[in-house]
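S.K.: Can you read through this structure? Questions will come right after.
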Amino acid sequence: MFTPENLIDTVKRFDEKIQTNKDYLSELDTPIGDGDHGNNMARGMAAVMETTLEGSLFDEFKTIAMTLISKVGGASGPLYGTAMLEMAKASKETNDPETILRAGIDGIEKRGKAALGEKTMLDLWIPAVDALKEGTLTSELLTTLTDNTKELIATKGRASYVGERSKGHIDPGAMSSNYLFQSMIEAGVFAHE
Ligand code: ADP
Ligand code: MG
């Protein structure tokens, strides 16, 4: 389950992975985008790390959401931010990760008007949460899901401008989302008591 403590741990781990892999994320965004995804996420997560996360799950998710929405230029800020805002709302009713993450998916879908198979972060989030439900979510699966985005042709976001030529490249937002889910695994969010 999500707790205020393991959400803070998740955020710290996510920030570390984003800062370490900032150049890699921007490299992934170069052939199919504008090469800024690493910088966008690094700036946003650095700003989140400067906030004080405290209070309930709702308070923490909301602070993360507002910071990402206000500090990240590019599509990913409002998308991650909206996900976190919907997760904040859901966390008022439950601490169940599957329910909370599904609310995040709904937020991304609404904000980005994308669906599964359009080569976006949703191609990581949706199958990862399905696997969580089945009890099969592992780091290895996250790697497979990220690699699977190579085969997809982008029909939403900046990568849709290159159309067919987006094939063969990992979606940068799927890669950063992999780091988020990996951080949740490491922080014990999905551990059974
Ligand atoms: P920008 O595309 O504005 O430069 P980023 O480079 O930070 O923003 O983020 C790009 C990532 O955002 C993509 O790799 C993709 O995963 C995600 N993305 C872009 N558009 C959408 C959308 N409409 N729905 C869901 N995710 C999207
Ligand atoms: Mg970009």
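S.K.: Considering the stretch 41-60 alone, what residues qualify as being surrounded by 23 or more Cβ atoms within 10 Å (Cβ to Cβ) and farther than 23 Å from K22 by Cα?
M.R.: Result: E60, single match.
S.K.: Output the residues belonging to the stretch 13-35 that are part of a loop (DSSP other than H, G, I, E, B) and under 16 Å from the mean Cα position of the chain (by Cα). Steps first, please.
M.R.: Of all residues in the stretch 13-35, those part of a loop (DSSP other than H, G, I, E, B) come to 21, 33-35.
N21, the sole residue that qualifies.
S.K.: So which of T120, T94 is of a type in the set (S, T, N, Q), crowded, with 22+ Cβ neighbours inside 10 Å and outside any helix (DSSP H, G or I)?
M.R.: Only one candidate passes the filter, namely T120.
S.K.: Report every pair of residues separated by at least 6 positions or lying on different chains whose Cβ atoms are under 6 Å apart, first residue within the stretch 145-165 and within 19 Å of L180 (Cβ to Cβ), second acidic (D, E) and assigned to a helix (DSSP H, G or I).
M.R.: From residues that are within 19 Å of L180 (Cβ to Cβ), the pairs are T149/D123.
S.K.: If you don't mind, there's one more thing I want to ask. Among the candidates T52, T10, T67, single out the residue that is outside any helix (DSSP H, G or I), away from ligand 2 (no atom under 16 Å from the Cβ), under 30 Å from E93 (Cα atoms) and not hydrophobic (A, V, I, L, M, F, W, C).
M.R.: T52
S.K.: What pairs come out if I take residues in the stretch 30-42 that are closer than 11 Å to G73 by Cβ and free of Cβ contacts under 8 Å to residues at least 24 places away in the same chain and pair them with residues that are among the charged types (D, E, K, R) and more than 7 Å from ligand 1 (Cβ to nearest atom) whose C-beta lies under 8 Å away, six or more apart or interchain?
M.R.: N39/K22
Bear in mind that the values in this text are calculations on the coordinates, not laboratory data. Since the structure is predicted, the reported quantities are computational estimates derived from the model, not experimental observations. For neighbour counting, all protein chains shown are included, and Cβ atoms are generated from backbone atoms with ideal geometry for every residue, glycine included.
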